[in-house]
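Working notes, structure below.
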Amino acid sequence: MVPLWFLPYAVATGNTFIVKPSPSDPISQVRLHELMDEAGFPPGVVNVIHGGAEVASMLLEHPDIEGVTFVGSTKVGRHIYKKCGETGKRVIAQCGAKNFLVVMPHADLDQTIPSMMTSFFGNTGQRCLSGANAVVVGEDDVFYKRFVDSLVEAASQIKVGYGLEEGIQMGPLQSKDKKERGLGYIQKGIEEGVTLRLDGRKIKIEGDYPTTCFLNPTIFEDVTPEMTIGREEIFGPVASVMKAESLDRAIEMIHSNPYRNAASIFTPSGKWAREFEYRVQAGNVGINIGIAAPMAFFPFTGMKDSFFGTLHGQGKEAVRFFTESKVVIKRW
Amino acid sequence: MEINTAAALITYISKIEQESAMLYEKLAKKHEELRETFLSFVKENKKNETNIKRAYYSVISDALEACFSFGGLNADNSLSQPIVDEGTSLSEVLRFSIDLEEIIEKFYSKAADQSKALMADLPRVLEHVAKLRNKRGTKLRLLLDNT
């Protein structure tokens, strides 16, 4: 999916394109490029090169490569941005995230909770638009309790198993290492003294599969933005619930985090939605949407540590990224 | 079978539309006097399936693909191909079709309601198909009254 945020724009504007898939997940790219061959793409227009950091470094330094697009961690994105600065290449580096979902009083929980399930646990939380922190605004303890209970209830019902079965809602993590990372964050949350409302370490999956890479949905309560699990990108099915006394405070909490990929608000109030939309400093803003994923004609606009570059992927910005501007001044 | 993902819903909708189209095709052959009506249902079924799939695939997004839209939405086994044998009278056929359309309408309404938390296009088209099935039920009731 990810290379298609860039590849079609590059090719449509007359470029050739090299994809270097993640070494952990190369198969889908191989298949995609087989299909492109079948579709009759001329040889050399789109290319796949497999490899790790060494291959990436070679691409970053190659004089014939004019631009680099990247989706991955902030650490690597920052390195690529710096390296391309040295070698004079343009860059789109879409990086890590810690997305906040703000729940205002009177939010319709029947619609909010399913959206949040999608956001927190879709793709097993392994995407940069996943929700990470739910911030419940206000001092209505009854509403807060109803929200958390509903969230826990819905998450505990998620069917976990083999992702290619139609009825399965959440598959495994990408590798054993990724599971270990998730487990590490759960342990860290416990050590930081927050309430573990749903413990995903108790593996429950549909079907007879090894549990090596599986982690069930996990929900923490009473988390604060300063805590490790409230601050760092987990990239797994772990949700943190926080409280804020006002929308101002919720926005402050979002702005205290270095990542600004996406932020959403759930509210029936146009006033609050508008205020959030204008004031929140995040690249992709959702109003009653759990995953604020822009369609292809809009740019994917991360900010701060979630993005390095000037022009973003997708939309007109991608067209500008893959083309050169030229000014001709004439006198006859 | 419980339907809890958008992918499962789309597969099941294809089954509903294709199987009920097959039923109406059979009925069109068997009851010449209502041939045009039944064939119009067949045509509409095909259109419904196309429109729903188009809505689903054209607004395909992370939100839909993550598949947590549906809870308590069940695939009704009674929707599977019914037996219409030679001895079935027209009024029996119409009564059966009215019941079938009611079940299908309820299914679509429930699916529309449960997908409201996600992209608007899918619930909109599901609601539209529910309305069409409701109209079809009304038409069948009128035919039954006149039989």
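Numbers at a glance
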| item | result |
| --- | --- |
| Phi to ³J(HN,Hα) by Karplus 6.51 cos²θ - 1.76 cosθ + 1.60 over segment A:257-273, Hz, x for Gly, Pro | 8, x, 7, 9, 6, 8, 8, 10, 10, 10, 6, x, 8, x, 5, 5, 4 |
| In degrees, nearest ten, helix A:109-121 long axis to first principal axis of chain A (Cα) | 50 degrees |
| Anchor B:Lys135: lysines whose Cα lies under 19 Å away (excluding residues fewer than 8 positions away in-chain) | B:Lys43, B:Lys46, B:Lys47, B:Lys106, B:Lys110 |
| Long-range amide H partners of A:Lys159 with built H, under 5 Å | A:Gln169, A:Met170 |
| Value of relative contact order over segment A:206-332, rounded to a whole percent, pairs C-alpha under 8 Å and six or more apart | 16 percent |
| Mean ellipticity per residue at 222 nm, deg cm²/dmol - from DSSP H runs of n ≥ 4 across chain A, formula -39500 (n - 2.57) | -10500 deg cm²/dmol |
| Stokes-Einstein diffusion coefficient of segment A:31-76, Kirkwood radius over Cα pairs, 37 °C, 0.692 mPa s, in µm²/s | 258 µm²/s |
| Inter-chain shielding of A:162-169 (mean C-beta neighbours from other protein chains, 10 Å cut-off) | 5 |
| Pairwise FRET efficiency - A:Glu252 versus B:Tyr57, Cβ, R0 = 41 Å, nearest 0.05 | 0.55 |
| Summed buried accessible area for A+B [probe radius 1.4 Å, Å², rounded to 100] | 1500 Å² |
| Residues B:Lys135 and A:Ser22, FRET efficiency given R0 of 51 Å [Cβ-Cβ distance, rounded to 0.05] | 0.50 |
| Candidates A:Leu173, A:Leu164, A:Leu247: whichever shows maximal mean-square fluctuation once chain A is modelled as a Gaussian network with Cα springs under 10 Å | A:Leu164 |
| Once the Cα gyration tensor of segment A:104-210 is diagonalised, semi-axes √(5λ) in Å | 25, 18, 12 |
| Highest-MSF residue in chain A out of A:Ile265, A:Ile186, A:Ile203 [GNM, Cα springs under 10 Å] | A:Ile203 |
| Relative contact order of segment A:53-154, defined on C-alpha pairs under 8 angstrom at six or more residues apart (%) | 24 percent |
| Computed E for A:Glu192/B:Ser89 - FRET, C-beta separation, R0 60 angstrom, nearest 0.05 | 0.25 |
| GNM flexibility winner over chain A from A:Gln314, A:Gln157, A:Gln29 (Cα, springs under 10 Å) | A:Gln157 |
| Over chain A, relative contact order from alpha-carbon pairs under 8 Å, at least 6 apart, % | 20 percent |
| Simple label model, 7 Å out from Cα along Cβ direction - B:Ala120 to A:Glu61, nm | 5.3 nm |
| Kirkwood-based Rg to Rh ratio, chain A, C-alpha trace | 1.00 |
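The values are calculated or read from the model by the stated rules, or taken from the named source; none is laboratory data. As the structure is a prediction and not an experimental result, all values here were calculated from the model. Cβ: placed from backbone, ideal geometry, glycine included. Neighbour counts: every protein chain shown. What goes into the accessible areas is simple: the full protein's heavy atoms, side chains included, and nothing from ligands, DNA or RNA. Shrake-Rupley method; radii C 1.70, N 1.55, O 1.52, S 1.80 Å.
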